[in-house]
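Okay, so here's the structure we're looking at.
The values are calculated or read from the model by the stated rules, or taken from the named source; none is laboratory data. Keep in mind that this is a model prediction, so the values were computed, not measured. All Cβ positions, glycine included, derive from the backbone under ideal geometry; neighbour counts span all protein chains shown. Heavy atoms of the whole protein, side chains included, go into the accessibility calculation; ligands, DNA and RNA do not. Shrake-Rupley method; radii C 1.70, N 1.55, O 1.52, S 1.80 Å.
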Amino acid sequence: MAKTFKLSPFGTFEHPWVNKPDTKFNSEGVFKTGHIVGGPEAIAHKELIDAEAQAAFDRFMESDEGKKLTPKQRKEWSVYVPYEEETDDNDNPTGYIKFDYKQNSKIKLKSGEVKDIKIGIKDSKSKDMHAPVWSGSEGRVMFSFRDIPMKSLKQVGVRMDFAAIQVTKLKQGGAGEFGEVEGGYTEEDQEHANRENGADTDQGGDY
């Protein structure tokens, strides 16, 4: 059965791993990104996910595995949703929701073949782009829903597997900039002083 892809609302990417997969907790790698959206678009997207997650939960409970659970056991299970409503320092809602998208970098097909996955990255004109995408960049996500039972947590819901993103505003650099400090140390000044004093500029120092 072919996947049905959907488009997210426009929002801000948070900690995107789209140019390459994150291998910290999975040696094969996982593409992922947070996506922060506010306003009516965020509410509508949340409601869509809620409906899909509840449907996945119901399908599990109607499956052979779900039917083996007793009524008491069923009450211990809950619906999982891949988003988090943001709050301020006083736990008041900010009006923004962070949606989470993921995609395994390797997928094993029914034939046994392993397929390497790449995330499509498009610019505002839907042309391929290759620049690094950092937190703070803006755009939207192309994704599909997938049922995900998490038996150890006693949760069933959906995961949003994403295939591509469209970047409408690119944030340059990931680490931010320090402001200039007048009269402070600069490598250029130090190298100039070393040359004036005849010092060896290639000597190592203590860290």
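Quick look at the numbers
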item: Pair list, Cβ under 6 Å, 6 or more apart: segment 133-162 residue under 20 Å from Phe5 (Cα atoms) and open to solvent by 40 Å² or more (accessible area, probe 1.4 Å), other residue hydrophobic (A, V, I, L, M, F, W, C) and not in a strand (DSSP E or B); result: Arg140/Phe10; Met142/Phe5; Asp147/Ala56
item: Wholly within segment 1-84, helices (runs of 4 or more DSSP H) carrying at least 2 residues that are under 18 Å from Gly95 (Cα atoms); result: 39-62
item: Residue match in segment 108-116 (condition: open to solvent by less than 50 Å² (accessible area, probe 1.4 Å), within 22 Å of Thr4 (Cα to Cα) and part of a loop (DSSP other than H, G, I, E, B)); result: no
item: The lone exception for Thr70 - which of (1) touching a residue at least 40 places away in the same chain (Cβ under 8 Å); (2) open to solvent by less than 90 Å² (accessible area, probe 1.4 Å) it fails; result: (1)
item: Residue satisfying all of: in segment 1-56; of a type in the set (A, V, I, L, M), open to solvent by less than 30 Å² (accessible area, probe 1.4 Å) and in contact with a Gly (Cβ under 8 Å, 6 or more places away or on another chain); farthest from Ser137 (Cα to Cα) among these; result: Ala56
item: Top-ranked residue of segment 77-108 - restricted to ones that are under 30 Å from Lys67 (Cβ atoms) and modelled with pLDDT under 95, ranked as nearest to the chain's Cα centre (by Cα); result: Ile107
item: Residue within segment 79-86 that is of a type in the set (Ser, Thr, Tyr), within 18 Å of Lys3 (Cβ to Cβ) and crowded, with 16+ Cβ neighbours inside 10 Å present; result: no
item: Pair list, Cβ < 6 Å and 6+ apart or interchain, from segment 15-32 residues that are under 14 Å from Phe162 (Cβ atoms) to residues that are surrounded by 12 or more Cβ atoms within 10 Å (Cβ to Cβ) and acidic (Asp, Glu); result: Val30/Asp22
item: Test: residue in segment 41-61 that is in contact with a strand residue (DSSP E or B) (Cβ under 6 Å, 6 or more places away or on another chain) and under 16 Å from Glu14 (Cα atoms); result: yes
